[in-house]
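The values are calculated or read from the model by the stated rules, or taken from the named source; none is laboratory data. Given the structure is predicted, the values throughout are model-derived calculations rather than measurements. In this analysis, Cβ positions are derived from the backbone assuming ideal geometry, glycine residues included, and neighbour counts consider all displayed protein chains.
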Amino acid sequence: MTREVTIAGVKLVEHDLQCPECQAPLVLRPSKYGLFYGCSTYPRCKSAHGAHPNGAPLGVPANKEVKDARIRAHAAFDTLWNTGVMPRKDAYKWMQMALRLGRHEAHIGNFDIATCNTLIEAVTVYLKACR
């Protein structure tokens, strides 16, 4: 579900999202860095999730445990292109094949812990085979 909201004079689309920490609604808010979804119970709950400039969420909101897993998965995955093993575009194509994902599914911001761990293992195996 979505609804139109106006923030700083700009009409945006706010998505109905639930806080992954306390299950309260997340609310679209501006910051000096751009838009984000913040827990409606702030400051009691400080959960936040990034948003695109049009208000669409960046991936799927996650609790701390899932966010930490996504950070680890990105760190492992990014070595494929940061070290020159393959170009970034090819790394995402490799991820799709290695995890059997569609193009729109191959975003770490959508992953759960199990998928993050699967990606980390796949990257580890691939890099060992490259040596």
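Which members of the range 45-74 meet the condition of being of a type in the set (A, V, I, L, M, F, W, C) and part of a helix (DSSP H, G or I)? Of everything in the range 45-74, those that are of a type in the set (A, V, I, L, M, F, W, C) and part of a helix (DSSP H, G or I) turn out to be Val66, Ala69, Ile71, Ala73.
Within the range 7-27, residues that are farther than 14 Å from Gly55 by Cα and among the aliphatic types (A, V, I, L, M) sit with their Cβ atoms under 9 Å from residues that are at pLDDT 95 or above and part of a strand (DSSP E or B), at 6+ positions apart or across chains, in these pairs: Ala24/Gln18; Ala24/Cys39. Restricting the range 86-110 to residues that are in contact with a helix residue (DSSP H, G or I) (Cβ under 6 Å, 6 or more places away or on another chain) and touching a residue at least 24 places away in the same chain (Cβ under 8 Å), the residue that is nearest to His52 (Cα to Cα) is Ile108. As a summary of the residue check, Ala51 satisfies the conditions (1) touching a Leu at 6+ places or on another chain (Cβ under 9 Å); (2) of a type in the set (A, V, I, L, M); (3) buried (at least 17 other Cβ atoms within 10 Å of the Cβ); (4) under 18 Å from Glu121 (Cα atoms) except for the one numbered (4). Quick check on the range 1-44: of everything there that is assigned to a strand (DSSP E or B) and among the polar types (S, T, N, Q), which residue is surrounded by the fewest Cβ atoms within 10 Å (Cβ to Cβ)? Once the filter is applied, the top-ranked residue is Thr6. Looking across the range 77-110, the residues that are farther than 12 Å from Val123 by Cα and either among the hydroxyl-bearing types (Ser, Thr, Tyr) or touching a strand residue (DSSP E or B) at 6+ places or on another chain (Cβ under 9 Å) (or both) come down to Thr83, Gly109. Somewhere in the range 46-66, is a residue of a type outside the set (D, E, K, R), more than 27 Å from Tyr33 (Cα to Cα) and touching a helix residue (DSSP H, G or I) at 6+ places or on another chain (Cβ under 6 Å)? Within the range 46-66, not a single residue is of a type outside the set (D, E, K, R), more than 27 Å from Tyr33 (Cα to Cα) and touching a helix residue (DSSP H, G or I) at 6+ places or on another chain (Cβ under 6 Å).
Among the conditions (1) surrounded by 12 or more Cβ atoms within 10 Å (Cβ to Cβ); (2) within 30 Å of Tyr126 (Cβ to Cβ), the only one that Glu65 does not satisfy is (1). Of all residues in the range 104-131, which are crowded, with 16+ Cβ neighbours inside 10 Å, of a type outside the set (Phe, Trp, Tyr) and not in a helix (DSSP H, G or I)? Result: Ala106, single match. Tallying residues that are among the basic types (Lys, Arg) and modelled with pLDDT under 95 within the range 90-127 yields 1. Only a single item in (1) touching a residue at least 24 places away in the same chain (Cβ under 8 Å); (2) over 18 Å from the mean Cα position of the chain (by Cα) is not met by Pro30, and it is number (1). Residues considered: Thr83, Thr79. Of these, the only one that is assigned by TED's automatic domain parsing to the domain that holds Thr118, in contact with a helix residue (DSSP H, G or I) (Cβ under 9 Å, 6 or more places away or on another chain) and at pLDDT below 95 is Thr83.
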